[in-house]
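The values are calculated or read from the model by the stated rules, or taken from the named source; none is laboratory data. Quick caveat: nothing in here was measured; it's all calculated off a predicted structure. All Cβ positions, glycine included, derive from the backbone under ideal geometry; neighbour counts span all protein chains shown.
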Amino acid sequence: MSVAFAKEESAEAASETILPARPISERINLVTEAGLKMLQEELARAQQAFAAANALEDVNERRRQSAVPVRDMRYYAERVRTAQPMPAPTSNEAVAFGHTVSFERDDGRTQTFRIVGEDEADPSQASISHGSPVAIALIGKSVGDVVQLGQRELEIVSIS
């Protein structure tokens, strides 16, 4: 095998292992207590995966196996560092971060979501980011208020 071929192979392997950074939102990183714990757990999981990859003997396989954990460690370390834990709301008078809000859409459907941090948001689990259009429209409003969201109207029916 020629030296040129070996270098090409190494360059190719190296380029495969450098993943682009996970995008980090420009929004303030508000988190619930559970959200902060989740970020810390994800960081620990990435660190464990990185340690396992570093234990591999084959250098190219080590690079491949460590690519995702390295990217995730950078992301979660930054999210933990910038996290701003928010206390649970003390009043249900107006929608705020951490509230669960039910609203009726103008098509008659009722939806309920909890407003949480970006990393913990999961609409399939009834939670949305504080930066989502729905949350932005609802924050600061009270039961009975009607908000315009694009061409739709939402009426707040409960806050808890």
Check: When both residues are 6+ apart or on different chains and their Cβ atoms are under 7 Å apart, which pairs have a first residue that lies in region 125-152 and is closer than 15 Å to Gly98 by Cβ, and a second that is of a type in the set (S, T, N, Q) and in a strand (DSSP E or B)?
Finding: Ala126/Thr112; Ala135/Ser129
Check: Among (1) touching a residue at least 12 places away in the same chain (Cβ under 8 Å); (2) over 30 Å from Gly140 (Cβ atoms); (3) surrounded by 12 or more Cβ atoms within 10 Å (Cβ to Cβ), where does Asp106 come up short?
Finding: (2)
Notebook entry, point to check: Residue check: is Glu61 farther than 17 Å from Gly140 by Cα, in the same structural domain as Leu19 (by TED's automatic domain parsing), free of Cβ contacts under 8 Å to residues at least 12 places away in the same chain and not in a helix (DSSP H, G or I)?
Noted result: no
Notebook entry, point to check: Would it be correct to say that Ser91 is free of Cβ contacts under 8 Å to residues at least 40 places away in the same chain and assigned to a loop (DSSP other than H, G, I, E, B)?
Noted result: yes
Next item on the list: Considering only region 77-101, state which residues are of a type in the set (S, T, N, Q), over 15 Å from the mean Cα position of the chain (by Cα) and either within 13 Å of Thr32 (Cα to Cα) or assigned by TED's automatic domain parsing to the domain that holds Gln148 (or both).
Entry: Thr100
Next item on the list: Taking the options Gly131, Gly150, Gly140, name whichever one is at pLDDT below 95, under 22 Å from Arg27 (Cα atoms), not assigned by TED's automatic domain parsing to the domain that holds Leu30 and not charged (D, E, K, R).
Entry: Gly150
Check: For region 112-160, which strands (runs of 3 or more DSSP E) that fit wholly inside it have 1 or more residues that are β-branched (Val, Ile, Thr) and surrounded by fewer than 16 Cβ atoms within 10 Å (Cβ to Cβ)?
Finding: 146-149, 152-159
Check: Which condition number does Glu8 fail, the rest of (1) modelled with pLDDT of 90 or more; (2) over 17 Å from Ser129 (Cβ atoms) being met?
Finding: (1)
Check: How many residues are surrounded by fewer than 15 Cβ atoms within 10 Å (Cβ to Cβ) and hydrophobic (A, V, I, L, M, F, W, C) if we restrict to region 29-76?
Finding: 7
